[in-house]
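Have a look at the structure below before the remarks.
Read the figures in this text as sums done on the coordinates, not as results from a lab. What you see is a predicted model, and the numbers here were worked out from it, not measured in a lab. Quick reminder, even Gly has a Cβ in these numbers, built from the backbone with ideal geometry, and neighbours come from all protein chains shown.
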Amino acid sequence: MRISELGEFGLIRNIQSLSLRKSSSALIGIGDDAAALKVSSSKILLVTTDMLLEEIHFDFSFTDFHSLGWKSAAVNLSDIAAMGGVPRYCLTSIGIPDYISVEQIKDFYRGFHSLMSTHKTVLVGGDTCHSRSGMVISVTVLGEVNKKNLLSRAGAKPGDRVFVTGTLGDSAAGLEILKKKAKSRGGMAKGAEARTLIARHLRPVPRTAEGRAIAHSGCASAMIDISDGLSSDISHICEQSGVGAEIRSDRIPISPSLMKLSGGLTMPVLFYALSGGEDYELLLTVPPGKIKRLQSLNVPVTEIGTIKRGKVVLLVDGSNRKRRLQPGGYDHFRRTKVT
Ligand code: ADP
Ligand code: MG
C-alpha cells in the first residue's frame, strides 16, 4: 500500500499499533502535543519533538537563518504550551547540506536561542550530520507541569465552549505573500500589514504564558495548539475526546491586517483561518461554568463554537447553514488541502 493512501495520521496509527510495550508512567503517549511522563506523584515530564525540512517547511528563497532558528524553537515551545507546561531543556539535531556556511548555522542558533532564552530553556544536546538533500532540523523540548495542571487533547465534553487565542490565518496568508514576493524578486509585499502577516509566518510567538495561565486556572477541559489548521486541530480534540463540535465561521477571529489584505489573496479569508495552519495559537474547550474564570485571565480569547455529542464537526455560517468541516490542514503524504 502506498503511504499516500493512508495519510500522515493513518501512518502514525500504524506505527503506534506496532509498539510492543506500554508503560503505566507514560500518562500520555502518541497522539497528543507532547508525551506526559510521570516522574513523581505530582510532577510530569513533557517531551515533544518536531522536524523542519527544507522545501517542505521552509524555503531559503524567503527564509533567513535567524528566523528559521526562531521558528524551530517556537513550534516546539508551542506544543509544551498546549499541555499547560513550562519548557526547561532542548536538543537540536541538524543535517547540513554543502551550500550552507558556518555563519549561516551561527545565525540559525542566534535566532533559536533568542526565543529559547526568553523561556529560560537550555540547549543540552543534539546531533550534527551532513545532508545530501536539503537542510534537516529536528528539535526536542523537555518541559514540566504539575500533574493537576496537565491538559491534553482528551477531556472535551458536550456543552463545553470552544475558544481560540489571538487570530487565525495570518501565517498562511504571510506565506502566500512571501511566495509571490520571491517570484517577483521582492517586487511586492510592501506595507505594514504585509510585514505583520510575514512576521507571523517567519517568527511565530508561542503562547507559553497563556497556556500556563489557562492550565493553572483549571478552566479548560482540553487544549491543543493550532499547527495544522483549525479544521484539523478541532478534529484532533474531537477524536481524542470522543465528541463532535459546531464551529461558527462568523466568530473566527481574523486580524485587521488579514482583513485589509484579503482582496489581494488567492483564497477567501476563511480558507487561511480554517486550513492555513502554523498559527501556533491555542484551541481550548471550557465548560460553561468556567468561562468567567477564563475571561478573568489576561489572555486574548474568542468563543468560536460548542462541543456536541457524536463525532461530526460542523461549520455553521451566519445564516445558520451547516456543513461538515473536513480536516483541511497539511498532510505530509496526501499533500492536499481541502476546506
Ligand atoms: P504536533 O502537530 O502537535 O507536533 P503531530 O501531528 O506531529 O503533532 O503528531 C501527532 C502525534 O503523533 C504526536 O503525539 C507525535 O508524538 C506522534 N508521532 C508522530 N510521528 C511519530 C512517529 N514516527 N513515531 C512515534 N510517534 C509519532
Ligand atoms: Mg501541537
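Side notes on the structure shown:
- Residue list for the range 248-266, filter: touching a residue at least 12 places away in the same chain (Cβ under 8 Å) and aliphatic (A, V, I, L, M): 252, 254, 258, 261, 265
- Unmet requirement for residue 52, which otherwise passes all of (1) within 12 Å of ligand 1 (Cβ to nearest atom); (2) in contact with a Lys or Arg (Cβ under 8 Å, 6 or more places away or on another chain); (3) part of a helix (DSSP H, G or I): (3)
- Exactly one residue out of 87, 97 is buried (at least 20 other Cβ atoms within 10 Å of the Cβ), more than 12 Å from ligand 1 (Cβ to nearest atom) and not β-branched (Val, Ile, Thr), and it is 87.
- Residue check: residue 203 meets all listed conditions (1) among the charged types (D, E, K, R); (2) within 13 Å of ligand 1 (Cβ to nearest atom); (3) surrounded by fewer than 23 Cβ atoms within 10 Å (Cβ to Cβ) but one, namely (2).
- Subset of the range 167-221 (residues that are of a type in the set (Lys, Arg) and in contact with a strand residue (DSSP E or B) (Cβ under 6 Å, 6 or more places away or on another chain)): 207
- Residues satisfying the stated conditions in the range 156-168, i.e. under 19 Å from the mean Cα position of the chain (by Cα) and over 12 Å from residue 290 (Cβ atoms): 156, 162, 164, 165, 166, 167, 168
- Failed item in (1) surrounded by 13 or more Cβ atoms within 10 Å (Cβ to Cβ); (2) among the hydroxyl-bearing types (Ser, Thr, Tyr); (3) more than 16 Å from ligand 2 (Cβ to nearest atom), with residue 23 passing the rest: (1)
- Residue count for the range 29-49, restricted to those that are within 8 Å of ligand 1 (Cβ to nearest atom) and either buried (at least 18 other Cβ atoms within 10 Å of the Cβ) or free of Cβ contacts under 8 Å to residues at least 60 places away in the same chain (or both): 7
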